[in-house]
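**Q** Can you read through this structure? Questions will come right after.
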Amino acid sequence: VTYGSDSAVEAVIGSLMFCFGLLARGAHDGKVVEMVERLETSQDVRRRMATQSTRDTEPELRLRRVLHGRGFRYRLHRRPVDGLRRTADIVFPGRRLAVFVDGCFWHGCPNHYKQPSTNKKYWSSKVEGNKRRDQDTDDCLIAAGWTVLRAWEHDDPAAVAVRIEAEVRTATRRSFRG
């Protein structure tokens, strides 16, 4: 396979290295010498993070089993408000109740979150961004007339179900037609 001139290859390598945050330092005999900083995250960690489930997590499934056992019916993984690109884990549309089951790591649980020892700047920024997005989501839903309940993954599903039941029982049923 011919990729063109050495300078074209160098340009492509340089672009790829820039895009992936890698550093090229110096040149040798007209060719790029790649002195790449070792990424602090191992391939094993990358693979685990990439396969992390965003829906139907075990804490969410436990809560859903309890709610279903108590006779509740609900919608799953829905956007409560049109135009808002946020998805609630459990939605009671008629009661305008959105339930989120937040993971301790991803959402920065005050009791259980432990910052990783590698890539501290990245993870700190990531978790803080998640917290800001969660607050923005809550604010938008509340402004649209919704009730928002958040539970941590470590919360007892039965206790969370009691909170949800109290909200569902006291909420006035709203018509879908407006």
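The values are calculated or read from the model by the stated rules, or taken from the named source; none is laboratory data. Computed from a predicted structure; not experimentally measured. Glycine gets a Cβ as well: all are built from the backbone with ideal geometry, and neighbour counts include every protein chain shown. We work out accessible area using only protein heavy atoms, side chains counted, and drop any ligands, DNA or RNA first. Shrake-Rupley method; radii C 1.70, N 1.55, O 1.52, S 1.80 Å.
**Q** Taking a ≥ b ≥ c as the square roots of the Cα gyration tensor eigenvalues, with a/c under 1.5 meaning rounded and otherwise prolate when a/b beats b/c, else oblate, which class fits region 79-178?
**A** oblate
**Q** A further question follows. Per residue, what accessible area does region 71-139 have, given a 1.4 Å probe and all protein chains present, in Å²?
**A** Ligands and nucleic acids excluded, the result is 59 Å² per residue.
**Q** Among rounded, prolate and oblate, which fits region 108-161 when a ≥ b ≥ c are the square roots of the eigenvalues of its C-alpha gyration tensor, a/c under 1.5 means rounded, and a/b larger than b/c means prolate?
**A** Here region 108-161 falls in the oblate category.
**Q** Place a +1 charge on the Cβ of each Lys and Arg in region 119-177 and a -1 charge on the Cβ of each Asp and Glu, then give the dipole magnitude about the Cα centre in debye, rounded to the nearest 20.
**A** 240 debye
**Q** Contact order normalised by length for region 84-150, with contacts defined as Cα pairs under 8 Å and 6 or more residues apart; what percent is it?
**A** 38 percent
**Q** While we're here: With a 1.4 Å probe and every protein chain kept in, tell me what percent of the accessible surface of region 66-178 is carbon plus sulfur.
**A** Roughly 47 percent, rounded to a whole number.
**Q** Could you compute the FRET efficiency for residue 57 and residue 118, with r as their C-beta to C-beta distance and R0 at 30 Å, rounded to 0.05?
**A** The value I calculate is 0.80.
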